[in-house]
Amino acid sequence: MTTTAAARQALGTYGESVAARHLVEQGLVLLDRNWRCDVGEVDLVLREGHVLVVCEVKTRSNDACGTPHEAVGAEKRGRLGLLAERWAAEHGVTPPDTRIDLVAVLRPPRGPAVVEHVRGI
């Protein structure tokens, strides 16, 4: 792994930890992290009341390559919906509702991370 790839992976891991902590502090229950199947990967799976929440985490150190929101297009949202169904089936749960969320984490050079939780992308 190159230094750049290692740095990106470290930034992503950091962002997922920040996002998970933020969501749990908001009252969501963390069920799974980095769940994978043949369709792809889900960063975080949570529960909010009776709602299953599949959460994509996008972490940036700046917005030079676009905002985290721009990185989650229609195709990615569709895949996340399918992943939510697959996760629920594999875990034997039938939630009355499922939601896809985005957590954008901005890690500035100084100071704490800035976290934005977008519900129902």
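The values are calculated or read from the model by the stated rules, or taken from the named source; none is laboratory data. Every value quoted in this text rests on a predicted model; they were computed, and no experiment measured them. Glycine also receives a Cβ, built like all others from the backbone with ideal geometry; neighbour counts cover every protein chain displayed. Just the protein is used for accessible areas: all its heavy atoms, side chains included, with ligands, DNA and RNA removed. Shrake-Rupley method; radii C 1.70, N 1.55, O 1.52, S 1.80 Å.
Any idea which of Leu80, Leu106, Leu52, Leu102 is of a type outside the set (S, T, N, Q) and in contact with a Cys (Cβ under 8 Å, 6 or more places away or on another chain)?
Just one listed residue meets the conditions, Leu102.
Where in the stretch 40-121 are there strands (runs of 3 or more DSSP E), lying fully within it, with 3 or more residues that are open to solvent by less than 60 Å² (accessible area, probe 1.4 Å), more than 19 Å from Gln9 (Cα to Cα) and touching a Leu at 6+ places or on another chain (Cβ under 6 Å)? So that I can check it myself, show each step before the final result.
Working: elements: 40-48, 51-60, 97-106, 114-118.
Hits in the stretch 40-121: 40-48.
Pick from Arg21, Arg36: which is open to solvent by 20 Å² or more (accessible area, probe 1.4 Å) and either assigned to a strand (DSSP E or B) or on the phi > 0 side of the Ramachandran plot (or both)?
Arg36
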